[in-house]
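The values are calculated or read from the model by the stated rules, or taken from the named source; none is laboratory data. All values reported here derive from a predicted model rather than from experimental measurement. Here Cβ is always computed from backbone atoms with ideal geometry, including for glycine, and neighbour counts include all displayed protein chains. Accessible surface areas use protein heavy atoms only, side chains included; no ligands, DNA or RNA. Shrake-Rupley method; radii C 1.70, N 1.55, O 1.52, S 1.80 Å.
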Amino acid sequence: MSDPVDPAAGGGDASNLATAANVADLVRVAARTRAEHAALVGAHGSTSWKELDDDVDRMAQALRALGLVKGDRVAAVLGNVVEFAVTYYGALRAGLVVVPVNPAYTAREMAHLLRDSGARLAVVAAPYLAALVEARPACPELEIVAAVGGQPADGVLNFSELLAQAPQGRADSAGTGEDLAVLLYTSGTTGTPKGAMLTHRALLADLRHVGSIDPPVVASDDVVLLVLPLFHVFGLNSGLGMVAAAGATGVLVERFDPSQTLEVMMRRGVSVVLGAPPVFVAWSMLEQVSDAFAGLRLAVSGAAPLAPDVVRRLLDLTGRYIFEGYGLTEAAPTVTSTLMSEVPRPGSVGRPVPGVEVRLLDSSGAVVEADDPGEIAIRGANLFSGYWPDGRDGPDEQGWWRTADLAIELDGGDLQLVDRRPELILVSGFNVYPREVEDVLTTHPDIEEAAVFGIPHPYTGDAVKALIVVRPGATLSVDDVLAHAGRSLARFKSPTAVEFVPALPHTSVGPMGKVAKARLREMGLGDGGESVPTPGS
């Protein structure tokens, strides 16, 4: 349905991309062209592009001095703080691979990512150190832990001292092109997250694609709200990456509070907002959104569908339209945007960005007829190189990758999503696969069986619901189930509703029979249940 466009010929303001071969080169160019311009502004002060580049050099030198070599993995267990950017770009400049980790993960979840990636070093913020220390025995390759803030601990380096003691001098970039840059873990159908392998080529291609949109998504004089978590591909590349590509200013928000964030926007003169649906839903309920949006040039929503009524409500309140897009971790992340549409329509995710091709395919792999839904297949330089460690399930020989998401093509070429990856639950834009939650629940000695699926939620889009079959003779409460889940799952993965049922339907009789989830709603199961507080994101 689309022809690729050479992103190098596009406009925009992301001029730092012209010579970048390593993602960290973006910081180097910004430091050379906009040395004293504010790069990142946080709750504890700001740093200029030159200061950030100097710290990135120190980080790269420090990591090399620790004995890490090209290709080694570095885990970043950090929130939206300057130290994340220093760790991220410093590791990339040293030729290392960054593994962003959701700091809200439990020790069990952290252990899987650290063990699977074979990370040798983890940089962790003090509030999350306890969970990482608990996970460490299960991660034999994790040799070094550096903590940001907090009191010194046995066997843990201090991040500030690590930088202060680094060898002096400029650090040349060691990784380029097809070298692996980032392992971003995304939930898999097997129940455990798998690492999408994103190279420098893929990440820079995505920035070039989006940077070629005219007028620019992020220009050099923009102030961009970085409220999306930097461990998520949307916040990492579309947010932090675009700020560096343009040499703009990013305003870091460590914890999303709707009212306080609007105040930060007004105080810092924010001109561009990149957010997920829960952010815009929360703002649409506050009167001060009109004042905060008065100086806004552009607002973009992604990571999950934004309800059309929220788009209309914000348009009425602020006079600003919220543009939407579609993307995936495996596409680094951008595929389509309503910024490419002639007239953006609520409910649409727009057209492919320059440099990305999209086809809608039927089950045989043929392009569907007009007006028929089809599976989205994509091709572009921004695509991942398959899943860690062997590149399995990546793009085919022709460069196409099938997403398992379904869409229809509207009149004019815009896409509208009609279904998504089987069983995927999207909570505040974060992927939750039922299998992982079910595996955790059934480790409880009193739970015989569990079925997990998504139910609509007005704030988070989806919420996680669990149907529980209790073992004969056992007594179990909702609180028991939630406490058990909370010990092994991040809050956004934990059930927000629990329903006890006598039995679950199965596809067949015997040990090979699986829970027939398609029959659950037909039987009226899963419509009720005891609700629990909404999880944080």
Restricted to the stretch 280-305 and to residues being touching a residue at least 40 places away in the same chain (Cβ under 8 Å) and in contact with a helix residue (DSSP H, G or I) (Cβ under 8 Å, 6 or more places away or on another chain), the residue surrounded by the most Cβ atoms within 10 Å (Cβ to Cβ) is ALA303
Among residues of the stretch 390-409, those that are open to solvent by 40 Å² or more (accessible area, probe 1.4 Å) and within 15 Å of GLY347 (Cα to Cα), counted
2
For the stretch 260-292, the count of residues that are in a helix (DSSP H, G or I) and either touching a Leu at 6+ places or on another chain (Cβ under 6 Å) or not polar (S, T, N, Q) (or both) equals 18
Expected output for the stretch 251-263 (first residue within 19 Å of ALA126 (Cβ to Cβ), partner open to solvent by 60 Å² or more (accessible area, probe 1.4 Å) and not hydroxyl-bearing (Ser, Thr, Tyr), Cβ below 7 Å, 6+ apart or cross-chain) is GLU254/ALA43
Within the stretch 333-376, track down each residue that is under 14 Å from VAL300 (Cα atoms), assigned to a loop (DSSP other than H, G, I, E, B) and among the hydroxyl-bearing types (Ser, Thr, Tyr).
SER341, SER348
Give the stretch 33-71 a look and list any residue that's exposed (fewer than 14 other Cβ atoms within 10 Å of the Cβ) and either under 30 Å from MET197 (Cα atoms) or in contact with a Pro (Cβ under 6 Å, 6 or more places away or on another chain) (or both), or say none.
ALA65, GLY67, VAL69, LYS70, GLY71
Any residue that is part of a helix (DSSP H, G or I) and surrounded by fewer than 24 Cβ atoms within 10 Å (Cβ to Cβ) - is there at least one of those in the stretch 89-98?
no
Say we look at the stretch 306-320 and pick out the residues that are touching a residue at least 12 places away in the same chain (Cβ under 8 Å) and of a type in the set (A, V, I, L, M); which of these is most open to solvent (accessible area, probe 1.4 Å)?
LEU317
Across the stretch 172-212, what is the number of residues that are farther than 28 Å from LEU424 by Cβ and assigned to a loop (DSSP other than H, G, I, E, B)?
9
Subset of the stretch 321-357 [surrounded by 18 or more Cβ atoms within 10 Å (Cβ to Cβ) and either touching a Lys or Arg at 6+ places or on another chain (Cβ under 8 Å) or closer than 14 Å to PHE280 by Cβ (or both)]
ILE322, PHE323, GLU324, GLY325, THR336, SER337, THR338, MET340, SER341, GLY355, VAL356
Being touching a strand residue (DSSP E or B) at 6+ places or on another chain (Cβ under 9 Å), surrounded by fewer than 23 Cβ atoms within 10 Å (Cβ to Cβ), at pLDDT 90 or above and in a strand (DSSP E or B), is that true of even one residue in the stretch 490-499?
yes
Any chance the stretch 229-238 includes a residue that's over 18 Å from the mean Cα position of the chain (by Cα) and of a type in the set (Ser, Thr, Tyr)?
no
Take the stretch 451-479 and flag every residue that is open to solvent by 10 Å² or more (accessible area, probe 1.4 Å) and in a strand (DSSP E or B).
PHE453, GLY454, ILE455, PRO456, HIS457, GLY461, ASP462, VAL470
May I ask you to list the residues in the stretch 129-183 that are open to solvent by less than 70 Å² (accessible area, probe 1.4 Å), within 30 Å of LEU328 (Cβ to Cβ) and charged (D, E, K, R)?
ASP179
Evaluate the following for LEU132: is it more than 27 Å from ALA30 (Cβ to Cβ) and at pLDDT 95 or above?
yes
